[in-house]
Structures are given as C-alpha cells and as structure tokens.
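Notes follow once the structure below has been shown.
No lab work stands behind these numbers, since they all come straight from the coordinates. Quick caveat, the model's predicted, so the values are computed rather than measured. Counting neighbours? That spans all protein chains shown, and the Cβs are built from the backbone with ideal geometry, glycine included.
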Amino acid sequence: MDYLSFGTTAEIKVPKNPLEQVIGQEHVLEIAHIVARQKRHLLLVGPPGTGKSFIAGAIASLIPPPTQQIAVVSNEDNPDRPILEIKTRELIEKEKREMRRAKLVDPRDVPYYVSERLGFRCRKCGTISDPESNICLYCGAEKYRKTKNIEDMFSDMPRITRDDKVFMKRRNGKSGEEEYIYERRGNKVKVYKSKLMDIYEQQRKVIVPIDRKTFVQATGASEAELLGDVRHDPYGGHPEIGIPPHERVIPGAIHEAHEGVLFIDELSTLGELQRYLLTAMQEKKFPILGRNTTSTGAVVRVDNVPCDFVLVGAININDVGSILPPLRSRIIGSGYEVLLNTVMEDCDENRMKLVQFTAQEISKDKRIPHATADACEQIIREAQLRARQIDGKDGLTLRLRDLSGIIKMAGDIAIVESSETIDKNHVRKAIQRARSIEEQLLDSYGSAWKAGMSDYATLRRKKRDGFTSEII
Ligand SMILES: Nc1ncnc2c1ncn2[C@@H]1O[C@H](COP(=O)(O)OP(=O)(O)O)[C@@H](O)[C@H]1O
Ligand SMILES: [Mg+2]
C-alpha cells in the first residue's frame, strides 16, 4: 500500500502551520481562515477530542500581532477614576528611540540644585564627587544620608536624601518653560524632556501589553476572570500607605484578548455571564470595576477599556440549547457556526493523514520514539473500528484525542521495552489497555445510568402521589 511506504514516521513531514496539522475537518479550516482574516466569531460544535481547542489555537496563530497597548494612568484629581491610555506600537517605539537618544551629560553641566539632589555635589563646598559616597571628599561634609532614620522624622533638620531622578522646569527659548528630567546613571546624568516622563512605570500600569499572545482562554469560573476587577486594598488606597487605585486594576480575559482570539471552552457553562460577553462583543469595550461590593476596589472604575476580540466558542452538541439566543444570533450574525466531523471517509488520502497525525503526536510528545509503518497500519485499523463502534459509521474516527492517547501509551510501552521504534505490538498492547479502561467505564456508566433511571422512576411515583413538588 502506497501510503505505508516508509520506514518510520520520522520520515513523515509535519507541517509547521498549526492549521495544516488539523485533520479531517476541511470544512472548518476554510471557515477558520475567513474568521482570522475578517475577524469574525466562530462557534465550534462537536464531541470532545475532535480538535475544537486545537483549531481555536490555530486561528489565533493566523492573527497578526496586536497594535495597541492598554494602560491605566493614575489620576491625581480623581484617583478612583484612573485614566485609560491606549498607545500604538509606533508611538511606543518612538518613545523608546527618544529615550535612547536622551543626552548623557557630566554632573558639572546640570543646575546646582540637580547635581546636589542626585548626590554628586556637596551642598557645603560645591565640589563634585562620586555619588555613591555620602561624604564630600573635599570638605568632609555630609552630602546626603544613606538611610532615612526614624529620628529624621522627628528632627527639625531638613532631611538630606539622594534622589535617583529630579524634575525641573527650565526656560526654553521662546516657547517658555519646559519640564526636564535628570536621572542619575553611574557617573553621568541623563537629561530628557519630561513629556517622556510618561514612560515611567510607577505612574501607570500596563494592563494589556503590546507583546502579548493572540490566544486567550477563559472559563466561566468567575466574573472577575472574564471581565476584570479592581483588587481590594486594606488601606483603601490611602494616598500614603495604600496601593494607588490604578495599580489595582486587573484586566479581564475579554481585555487581554483585545485584537486576538478569546477562546471559551464549553461556552454554555458561562451561564449568566453570557450577557456580559454579548455586551462586550457589541460595544467592543467594557468597563473594569471592582466586582466585590464589600471591597475597597468597588469604588474604582475605568470606563471604555477596549475588548475587540474574535470569539471562538466550543460546545458539545447537547449544549447548543443552553447558549443564550441573542449571543448565538450575534455569533451567527457576524460569524459562523460549524459542526465538527466525528468520522472521515476511509480512503488512501485520509489514511495518509492519520499517518501524518501519528507523526505529529509523536513529535509533539517529544518523549516517545517514532512509529513503524506496521504500527501505523494498526492505528488505522483502530480508527476504522472506533468509527464503527462509537459513531456507527464506516470510515476513520476523528475522535483523535483518544487515538492520540493510544499512540502515547504505545510509545511508553516501547520505551519500557527499550525499543527504538513503536511497532505493531506496542500499538496492540496499548489498544488492549485502553479498551479495558473503556469497558470499566461502560460498566460503571451503565449502572450509574440505571441508578439514575430508578431515581427518576421513584420521583415520578412520589409526584403522582403528591409527596413532592420537585419538577421532573
Ligand atoms: N482534527 C484534529 N487534527 C489533528 N489533531 C487533532 C484533531 N482533533 C484532535 N486532535 C488532537 O487531539 C488533541 C485534543 O484535541 P482538542 O482540540 O483538545 O479537542 P476538543 O477541544 O474538541 O475536546 C489535540 O491537541 C490534538 O493533538
Ligand atoms: Mg477542548
């Protein structure tokens, strides 16, 4: 057979592009390309292990790198309303270049006040010396105190401390005054205009960085995880001892997925949160606020935080009904809904794809040896059997997570037997082991199902007899 004319799967080419690694879901791939390119939404419907998560990740890999950084900046006039700041990649790079271009000058060439504050110049005799030494090498006077002592707080003496940077307004020709920053860098002073002061992190918190992944996975575990939050501060953001409000702002998955893919597995488990998700998708922005009403975070709020994402939702067939109708129509209205295949046609081309799949799983695993052609043939047989047994169809199964489990188990057996390849017998043993687990599951599920039915029957009886009002 042509598709089995190779020594081991080491010879099989594994595509680099993750979408090309997806097997037997060609109809989804076509849509996946459109979704990535046109920024549509997508609902993947299908049983576990057919590649929903895998496809979502592959879509994200097609989306170009983000162009915006989102930050919150402290707002002196109203600390509980941090200011939203959106910067483009170009602007960030420009600022970085300007920072690099900032002049490095001799401490003698900056104003006296500045060189004193930075720890270069003696306040008494005016001599410049090493900023690391707190004693003037010329007159022996104290240039600054290395530590802030508790006595300093109570003494009338002015505290002489050393600053790392100093802000100062200076006249600047015709344009009037301009603020400069002087920063100590070893034995030199870096000077730049304070418009660049923005770059200083302590005044802002970048909540969605420019270099980020385009794939964000969210669960419906908590509102805060999905929508963001403002952390509690025991000091209530007190100006001196508390953590400033803007520092406590935490983005939600919807914000982190800005310009990328937001993947929600088992979309139906979101429950009521689906409503917020719908709003976020409609508005493409969503406020971040403290979600715990008893927390000091509850008074803090940042409006209009961008969240322009591609939603990829995954659900099992049975759960289609538990998706909020407006959310579903939103997805369909500006996107696609697709059903994943569970079986593909049994032909040489598709058998070859299973060989490619085997090679992929082995190289992804990294800990198991490659498989022989005979071993692949055995895997193909198992794929035929499973298509028939699980889905009642002739073909090759696409419940590939399970098949991947068999490949890995066979690999482990090969390792234990010190074999350099996975051969037919390893696959057979793995299939046997996996089967025995399935049989056990079938047993317990079968009886659990029966138990469930007997409960149901009891309830019905009770209801008929008026003992219970439970809805059944
Ligand atoms: N169609 C497929 N093509 C290639 N590999 C697949 C496919 N479906 C599943 N797999 C393999 O099985 C693993 C689990 O699939 P996953 O995407 O998590 O399934 P689901 O999200 O539908 O439950 C994947 O990481 C991949 O290795
Ligand atoms: Mg999954």
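Of note:
- For peptides 80-90, 264-274, sequence by mean Cβ density within 10 Å, most packed first: 264-274, 80-90
- Total formal charge among the other residues, if their Cβ is under 10 angstrom from that of ILE331, Lys/Arg +1 and Asp/Glu -1: +2
- Potential lengthening between ILE83 and GLU223 on full extension [0.36 nm per residue; Cα-Cα distance subtracted]: 48.1 nm
- Building the convex hull from the alpha-carbon atoms of the chain and averaging its projection over directions returns 36.7 nm².
- For PHE263, PHE286, the sequence from fewest to most other C-beta atoms within 10 Å is PHE286, PHE263.
- FRET efficiency, 1/(1 + (r/R0)^6) with R0 51 Å, evaluated for GLN282 and LEU104 via beta carbons: 0.50
- Ranked list, fewest to most other Cβ atoms within 10 Å of each Cβ, for GLU11, GLU337: GLU11, GLU337
- Folded to 0 to 90 degrees: helix 52-62 orientation relative to the chain principal axis, Cα: 40
- Local electrostatic count at GLU283 - Lys and Arg +1, Asp and Glu -1, tallied over other residues with Cβ under 13 Å: +2
- Summing +1 for each Lys or Arg and -1 for each Asp or Glu among the other residues whose beta-carbon sits under 11 angstrom from that of THR219 gives -3.
- With 22 Å as the limit on Cα-Cα distance, the pairs of LYS169/LYS205; LYS96/LYS165; LYS52/LYS429; LYS96/LYS143 that go past it are LYS169/LYS205; LYS52/LYS429; LYS96/LYS143.
- Put in order of Cβ neighbour count within 10 Å, fewest first, the listed residues THR161, THR8 become THR161, THR8.
- Rounded FRET efficiency, nearest 0.05, which uses the C-beta distance separating ASN292 from GLU30 and R0 of 41 Å: 0.40
- The C-alpha atoms of the chain define a longest principal axis, and helix 348-365 lies at about 40 degrees to it.
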